[in-house]
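Engineer: Let me give you the structure first, and then I'll get to my questions.
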Amino acid sequence: MTHVRGRIWRHGEPQDDFDFSAISDCLAGDDTLVWCDIYDPDHAILTDLAKELHLNAWAVEDALADAERTKAVVYHTHTFFTVYEVAVTVPDSGTDSNQESMLDTHRISGFVLPRGLITVRLSPHIDVDAISRRFDELGGQQYGVGSLVHGLLDVVVDGHFAAVQVLDDAIESLEDDLFADATPAKGLQRKTFQLRKDLVALRRVVLPMREVVSAIQHRRLDDKTAPQLDPLYADLYDHVLRVSEWTESLRDMVTTVFETNLSLQDARLNVVMKKLTSWAAIIAVPTAITGFYGQNVTYPGVQSVAGFLTSTAVIVVIVVAL
């Protein structure tokens, strides 16, 4: 079932008369700014809206598709973008080694118009209230639709930062387990592999954000207020670069942890083999001597079948125990 909510500003001041059926009139008004959020859209409703607002048909299909990569596409009358918000689940300290992924991604697409932003989302887990609060915190509605897009992207990038921080802490925990005095838990390799999968998934979401921010920054339709928003977009682009570089460094770290764990296992195996070899050499000396001279001492059951069976049983038991 399609759910629609939105906000409207006139002359930079919020109003309470948002009406989805009159969105075309709102977007056509001067000094008017509109944000419309559509959750779980019906294909027919979104298609009719696209015809009314002259949105690209392929962009509408991308907004409704099940899987799309992070991207931004510039059209003549609007800009279409797709980004992913990342939710992070912090595992408990007593979590089983067979842990699931800590990352959960939720896609949100947007149509940037000269006087409005239309967002389309298929997931209910995106915190739309946080995005709305960010619009008010920035207080930049007088700067046009560019301020709305910046607020949305800022919330998304902040989520990326939080996700990278959690994964960084998880890798540090792996390093502590790796070099602990006790033998590492059996699930260390599985945790390492799962972290690597999470980083690959995060990288797939984070890296294209540079193209998205750059495309929106240099193809804004609110040229009158472009100079005021340039520093904000430059700072946002810097944050995206930091997240990308941080993600790349963590991928190298988790790979190093995985390889180091294998090297430590080989080293422990070498120590065990050295001990076994030493004991084998020690035992070989009396074995060779007694085997050469024979049991030339008097012992219980000497020269009897019972004594022979007893000594044979002792040898078999010790061999099986070893």
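Engineer: When residues of segment 115-145 are filtered for being closer than 18 Å to CYS26 by Cβ, small (Gly, Ala, Ser) and either surrounded by fewer than 19 Cβ atoms within 10 Å (Cβ to Cβ) or at pLDDT 85 or above (or both), how many remain?
Structural biologist: Here the count works out to 2.
Engineer: Quickly run through segment 223-233 and pick out the residues that are surrounded by 12 or more Cβ atoms within 10 Å (Cβ to Cβ) and either touching a Phe, Trp or Tyr at 6+ places or on another chain (Cβ under 8 Å) or at pLDDT 85 or above (or both).
Structural biologist: THR225, GLN228, LEU229, LEU232, TYR233 - these are the residues of segment 223-233 that are surrounded by 12 or more Cβ atoms within 10 Å (Cβ to Cβ) and either touching a Phe, Trp or Tyr at 6+ places or on another chain (Cβ under 8 Å) or at pLDDT 85 or above (or both).
Engineer: Being surrounded by 11 or more Cβ atoms within 10 Å (Cβ to Cβ) and either acidic (Asp, Glu) or at pLDDT 75 or above (or both) is the requirement here; does THR312 meet it?
Structural biologist: The answer is no for THR312.
Engineer: Please specify each residue of segment 4-24 satisfying the condition of being of a type in the set (Asp, Glu) and closer than 17 Å to GLY144 by Cα.
Structural biologist: Result: GLU13, single match.
Engineer: Okay, moving on. Search segment 53-65 for residues that are under 11 Å from VAL120 (Cα atoms) and touching a residue at least 12 places away in the same chain (Cβ under 8 Å) and pair each with any residue that is in a helix (DSSP H, G or I) and not hydrophobic (A, V, I, L, M, F, W, C) when their beta-carbon atoms are under 7 Å apart and the residues are at least 6 apart or on different chains.
Structural biologist: Final answer for the pair search is VAL60/THR47; LEU64/HIS43.
Engineer: What are the residues in segment 100-114 that are within 29 Å of LEU49 (Cβ to Cβ) and either at pLDDT below 85 or in a loop (DSSP other than H, G, I, E, B) (or both), if any?
Structural biologist: Within segment 100-114, just PRO114 meets the criteria.
Engineer: Within segment 147-155, is even one residue part of a helix (DSSP H, G or I), of a type in the set (A, V, I, L, M) and surrounded by fewer than 19 Cβ atoms within 10 Å (Cβ to Cβ)?
Structural biologist: no
Engineer: Look through SER93, SER21, SER97 and report the one residue that is in a helix (DSSP H, G or I), surrounded by fewer than 18 Cβ atoms within 10 Å (Cβ to Cβ) and modelled with pLDDT under 85.
Structural biologist: SER21
The values are calculated or read from the model by the stated rules, or taken from the named source; none is laboratory data. Predicted model, so just to flag it, every value in this text is computed and none were measured. Positions of Cβ are generated from backbone atoms using ideal geometry, with glycine treated the same way; all protein chains shown enter the neighbour counts.
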